[in-house]
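Student: Before anything else, here's the structure in question.
Nothing in this text is a laboratory measurement; each read-out follows from the coordinates by a stated rule. Computed from a predicted model, the values in this text were never measured in an experiment. Counting neighbours? That spans all protein chains shown, and the Cβs are built from the backbone with ideal geometry, glycine included.
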Amino acid sequence: MALLEVRDLSIQFGGLKALDGFTLSLDEGEMVGLIGPNGAGKTTVFNLITGVYRPSRGEIRFRGRSLVGLRPNQIVRLGIARTFQNIRLFKGLSVVDNVRAALFSQTGYGLLPALVGGGRTAGEEARVYWRAMEMLRLFELEEVAAEPAGSLPYGAQRRLEMARALASGPRLLLLDEPAAGMNPTEADRLMELIRWVHRHFGVAIVLIEHQMRVVMRLCPRIVVLDFGQVIAQGSPEAVRQDPRVLEAYLGKGVAVT
Ligand SMILES: Nc1ncnc2c1ncn2[C@@H]1O[C@H](COP(=O)(O)OP(=O)(O)O)[C@@H](O)[C@H]1O
Ligand SMILES: [Mg+2]
């Protein structure tokens, strides 16, 4: 059985078909790139899978179970985690508390009770603290654990987002343009980190990227969206040479590099 099975997924906003008949099958531990010009519908795919939007048509199955109609926090508990195109951290909270909050809200506590600790045992507190610190160690954030998340440099905030997403032990990780706003050197370093995360955690990954160069080095399989529809998929080589892909990118003045 596939880990994730998406069939004929569609959603409209007013008259706009933001996503139209999107289909994707993903195996346990697989890594797939999702690319396409701005406004193609990439983030909408993530918002549908994570329960932020409800599809107007189509099916989403995760480990055989339908996700349509479930709330985002239920979907996280089933094993799907994500990061956002625009970083969403609790900027005033410490780095370690950002990860603790994610772990506690996953166990069913809200953010506030999560951090002030209402009704939890000392054992539970300690487990979550050490789990959070372990994630920070893996992402080389241990030394800034007590700093406010908002004070970290941009690249470190991206790492923290990923640490937080992985703390809950997901089987599927959705990364929405993690390299956005980075220079080529930073982007390359981040891609190495994603490669490592994929291997170390054995997690399946869908990686949204605007720049083809970045995904092509990382993902053996790439799906290309344009105007809400899949216009091509396959190996980086096949996708790079596909006339529809060239047209979609060049038509919008974006170099295919
Ligand atoms: N909540 C929404 N309401 C109205 N239009 C939306 C909404 N979310 C996305 N869209 C539209 O759907 C299209 C696809 O958006 P999006 O998935 O964010 O594109 P991408 O991530 O590929 O850049 C865009 O035209 C966008 O304006
Ligand atoms: Mg987007």
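Student: Could you tell me how many cubic angstrom of Cα convex hull volume the chain has per residue?
Tutor: 133 Å³
Student: Next question, about the same structure. So how tilted is helix 95-106 from the main axis of the chain? Cα-based, degrees 0 to 90, rounded to 10.
Tutor: Computed tilt is about 80 degrees.
Student: For the stretch 164-173, in order, what is each residue's ³J(HN,Hα) by Karplus, 6.51 cos²θ - 1.76 cosθ + 1.60 with θ = phi - 60°, in whole Hz (x at glycine and Pro)?
Tutor: So the Karplus estimates, Gly and Pro as x, are 5, 5, 7, 4, 7, x, x, 9, 9, 10 Hz.
Student: When ranked by the protection proxy of mean other Cβ atoms within 10 Å per residue, highest first, what sequence do the peptides 64-73, 187-196 form? It would help to have the intermediate numbers written out before the result.
Tutor: On the way: 64-73: 12.8, 187-196: 16.1.
The most tightly packed comes first, giving 187-196, 64-73.
Student: With θ set to phi - 60° and the Karplus curve 6.51 cos²θ - 1.76 cosθ + 1.60, what are the ³J(HN,Hα) couplings of the stretch 21-28 in order, to the nearest whole Hz, using x for Gly and Pro?
Tutor: Those phi angles translate into x, 6, 10, 7, 10, 10, 8, 3 Hz.
Student: May I ask you to evaluate 6.51 cos²θ - 1.76 cosθ + 1.60, the Karplus curve with θ = phi - 60°, for each residue of the stretch 212-225 and list the ³J(HN,Hα) values in order in whole Hz, giving x for glycine and proline?
Tutor: Rounded to whole hertz, the list is 5, 3, 5, 5, 4, 6, 10, 10, x, 10, 10, 10, 10, 9.
Student: If you don't mind, there's one more thing I want to ask. Order 220-232, 32-44 from most to least packed using the mean count of other Cβ atoms within 10 Å.
Tutor: 32-44, 220-232
Student: Same structure again: State the extension gain, in nm to one decimal, for the chain segment bounded by N38 and L16, taking 0.36 nm per residue of separation less the distance between their alpha-carbons.
Tutor: Separation in residues times 0.36 nm, less the Cα-Cα distance, equals 6.4 nm.
Student: Let me ask you something else. At a 10 angstrom cut-off on C-beta neighbours, averaged per residue, how do the peptides 20-31, 122-133 rank from highest to lowest?
Tutor: 20-31, 122-133
Student: Mean residue ellipticity at 222 nm from the helices of the chain, using -39,500 (n - 2.57) per DSSP H segment of n ≥ 4 over the full residue count, to the nearest 500 deg cm²/dmol? Walk me through the intermediate numbers first.
Tutor: Numbers: 10 runs with 101 residues, N = 257.
Roughly -11500 deg cm²/dmol at 222 nm, from the helical runs in the chain.
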